[in-house]
1. If only one of Gly312, Gly306, Gly299, Gly335 is of a type outside the set (Lys, Arg) and on the phi > 0 side of the Ramachandran plot, which one is it?
2. Any chance you could count how many residues in the range 94-118 are away from the ligand (no atom under 12 Å from the Cβ), part of a helix (DSSP H, G or I) and crowded, with 19+ Cβ neighbours inside 10 Å?
3. Please note which strands (runs of 3 or more DSSP E) are completely contained in the range 318-425 and include at least 2 residues that are out of contact with any Pro (no Cβ under 7 Å at 6 or more places or on another chain) and assigned by TED's automatic domain parsing to the domain that holds Val161.
4. Under 8 Å between Cβ atoms, which residue pairs at least 6 apart in sequence (or on different chains) link something in the range 145-167 that is without any contact (Cβ under 8 Å) to a residue 24 or more places away in the chain with a partner that is of a type in the set (Phe, Trp, Tyr) and within 13 Å of the ligand (Cβ to nearest atom)?
5. Criterion first (at pLDDT below 95 and over 20 Å from Ala313 (Cβ atoms)) does Asn144 satisfy it?
6. Restricting to the range 208-230, name every residue that is in contact with an Asp or Glu (Cβ under 7 Å, 6 or more places away or on another chain) and either part of a helix (DSSP H, G or I) or within 16 Å of the ligand (Cβ to nearest atom) (or both).
7. Restricting to the range 224-254, name every residue that is out of contact with any Gly (no Cβ under 8 Å at 6 or more places or on another chain) and at pLDDT below 95.
Amino acid sequence: MSVAEKTLSQQAIDLENKYGAHNYHPLPVVLSRGEGVFVWDVDGKKYYDFLSAYSAVNQGHCHPRIVGAMAEQAQKLTLTSRAFYNDVLGTYEKYASEYFNFDKLLPMNTGAEAVETALKICRRWAYEKKGIAENEAQIIVCENNFHGRTTTIISFSNDPVARKNFGPYTHGFIKIEYDNLVALENALKSNSNIAGFLVEPIQGEAGVYVPSDGYLKAAKALCEQYNVLFIADEVQTGIARTGRLLATCGNCSCEHKDCSGTPEVKPDILILGKALSGGAYPVSAVLANDPIMNVITPGSHGSTFGGNPIAGAVAMAALDVVKEEALAENADRLGELFRSELNKYIENSSICKLVRGRGLLNAVVINDSEESDTAWNICLRLRDNGLLAKPTHGNIIRFAPPLVMNESQLLDCVSIITKTLQEFE
Ligand SMILES: *Cc1c(COP(=O)(O)O)cnc(C)c1O
């Protein structure tokens, strides 16, 4: 790295530090280009991307099909607001509703907005369909959840960093332990004002916690028994990431040839974001069937950019790519390979305790305290060795590459990771 080149990345970092709010703590690498599973920094150094923008770039960086759809639509019509109809939105809503086997879709932009939307739909349903007295509805959530950053969402988070000094908090949420059916049943039994159960099929931000087999199915059955909506936040786990189209991949009759998982659960409300656009554009959505979605009436909810024509064109292309390139199948197969290869290494490792995950959403737990900077230092060394990943919660490193990876690239990455871990043994 020459002095002049070094200056280039330091300049970019300095600008962000001086003029940007300090709401993130990025790994020091300044990226300027991406293609498929790779990104390049301003010095031209190439890396495997093992974060995929928190699973937004499942289809790979700058997928030509997605970028093409975006460019084409951008030259025709970008935004009308929902004050008028546009000629893309209905086509997209039909496409995505059929794709995920729901009656209707409500378009938003970010994941947090889609979660907020789902909560509003759930509350309305509680008052207008279930008959709960106004302002009494409660929604059950899980400990260590991550659903976004709005004031309501952080109100039911238990991450002190996300909450501190942002109160007063929104009421109406009951927190129970994740992956605990007894806790869920007790909460449902003891309160007749429960409207919904909001859950991540795998807790991604918390550190890729995979619940016990059968948990989601049994939780859905309990929700049915108590007439409570099962709301799946698949913003991170959805769109092929976990080796299925959805981590809950329900009795969905989507007939995707790449949808290879065992059918498990069909949520009452499905929340999608991130890879819904292949990382090209902020696109999120809430899907539900008519008896639920019809509680939303003109004026009761909206977004200036939600459902804009670029978003519709981008999302259709992004979902096409998932199907045509059989990304769920690929994630399933490469995920098995990744965990089995890392497990071989872990047998004789003292620095790395375990690898867990589904499909290509995985994490390794580093054998050190949450407060230690070992995982951070490993990520710095991984960067030096050509692979980008980021710790989550101190001692956990999430590994989530784009799903367009092939087997030899994955094995190459396994050798970078094990070689790097070796340096810390
Ligand atoms: C990222 C994420 C969100 C929030 O999405 P944003 O687009 O960042 O608002 C919500 N839920 C889950 C599970 C996520 O991973």
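The values are calculated or read from the model by the stated rules, or taken from the named source; none is laboratory data. Note that the structure is predicted; figures quoted are calculated from it, not measured. Positions of Cβ are backbone-derived with ideal geometry, glycine not excepted, and every protein chain shown enters the neighbour counts.
1. Working: Gly312 fails: on the phi > 0 side of the Ramachandran plot; Gly306 fails: on the phi > 0 side of the Ramachandran plot; Gly335 fails: on the phi > 0 side of the Ramachandran plot.
So the residue among Gly312, Gly306, Gly299, Gly335 that is of a type outside the set (Lys, Arg) and on the phi > 0 side of the Ramachandran plot is Gly299.
2. At the first step, the residues of the range 94-118 found to be away from the ligand (no atom under 12 Å from the Cβ) are 94-107.
Going one step further and asking which of them are part of a helix (DSSP H, G or I), we end up with 94-100.
Imposing the further condition that a residue be crowded, with 19+ Cβ neighbours inside 10 Å reduces the set to 96, 99-100.
Here the count works out to 3.
3. On the way: elements: 352-358, 361-366, 390-392, 396-399.
Hits in the range 318-425: none.
4. Ser157/Phe146; Asp159/Phe146
5. On the way: at pLDDT below 95: no; over 20 Å from Ala313 (Cβ atoms): yes.
Considered against the rule, which asks whether it is at pLDDT below 95 and over 20 Å from Ala313 (Cβ atoms), Asn144 comes out as no.
6. Initially, the range 208-230 is screened for residues in contact with an Asp or Glu (Cβ under 7 Å, 6 or more places away or on another chain), giving 211-212, 215-217, 222, 229-230.
Matches in the range 208-230: Pro211, Tyr215, Leu216, Lys217, Leu222, Phe230.
7. Of everything in the range 224-254, those that are out of contact with any Gly (no Cβ under 8 Å at 6 or more places or on another chain) and at pLDDT below 95 turn out to be Thr248, Gly250, Asn251, Cys252, Ser253, Cys254.
Here's the yes/no breakdown for (1) surrounded by 22 or more Cβ atoms within 10 Å (Cβ to Cβ); (2) among the polar types (S, T, N, Q); (3) modelled with pLDDT of 95 or more; (4) not assigned by TED's automatic domain parsing to the domain that holds Ala183:
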{"position": "Val210", "(1), (2), (3), (4)": "no, no, yes, no"}
{"position": "Tyr215", "(1), (2), (3), (4)": "no, no, yes, no"}
{"position": "Leu222", "(1), (2), (3), (4)": "no, no, yes, no"}
{"position": "His256", "(1), (2), (3), (4)": "no, no, no, no"}
{"position": "Gly278", "(1), (2), (3), (4)": "yes, no, yes, no"}
